[in-house]
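Derivation of every value follows stated rules applied to the coordinates shown; laboratory data play no part. Bear in mind that the values here come from a model prediction, so they are computed numbers and not experimental data. Cβ: placed from backbone, ideal geometry, glycine included. Neighbour counts: every protein chain shown.
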Amino acid sequence: MKGHGILLSMLLLCGSAQAQSSNEKQAVIIGPWKIEARFTKGQIIDHCMMSRTIDNGIETRFSRDDGGTSLTLTSQRWKLENGKSYPVEFVAGRATWKADVAASADAVRIPLSDKRFNKALRNANRMEVRAAGSTIRIPLDKSAAALARLDSCYENNRNAIETNPFVKPKP
């Protein structure tokens with residue numbers, strides 16, 4: 001009987017340790033990019049994102065959700081007007097795309113809606129964001145593989161509940 005009590009205690013401890021580790025965020029690293037899935041409280045996929053911080057402290061984040069892929073650039077040094085739009089020119093390889101980015105206090109965000117630019121982005125070594133005050137250069141090393149993983153992260157997790165409700169989705 002004593003043996004059963006010890007065995008039961010061990011199983012409970014292992015179960016709680018396993019539950020704790022399954023709640024931790026999982027991330028996949030591809031080169032300098034960190035790719036992870038974000039879920040709602042109901043464990044439904046909200047979005048997948050890949051991010052990196054470049055030398056000047058600017059965080060570059062690509063997010064994938066039902067609306068497609070978007071780009072967010074963030075810097076604690078920026079003092080932007082919340083709600084204002086700023087005109088910028090994006091350059092990836094030979095493709096250029098002019099658009100307005102939406103600003104918050106320290107970040108700008110834009111849905112990546114130009115198909116030609118998006119294709120070039122996957123093959124370029126660097127992306128430039130040309131704004132009125134400066135040009136931001138973002139190295140895109142390993143981004144083709146990371147962007148492919150970002151897409152598969154979202155697609156796999158979006159369908160995860162229908163395919164196997166007993167397995168935790170992966171980034």
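Computed FRET efficiency, Cβ-Cβ of E89 and T40, R0 41 Å: what is it to the nearest 0.05? The computed FRET efficiency comes out at 0.70.
Mean separation of Cα pairs under 8 Å and 6 or more residues apart, divided by the residue count, gives the range 50-154 a relative contact order of 24 percent. The Cβ shell under 15 Å around A105 holds other residues with a net charge of +1, Lys and Arg each +1, Asp and Glu each -1.
Using the Cβ of K119 as centre and a radius below 14 Å, the other residues enclosed give a net charge of +2, where K and R count +1 and D and E count -1. The listed peptides 47-53, 134-140, ordered by packing as a protection proxy, come out as 47-53, 134-140 (highest mean of other Cβ atoms within 10 Å first).
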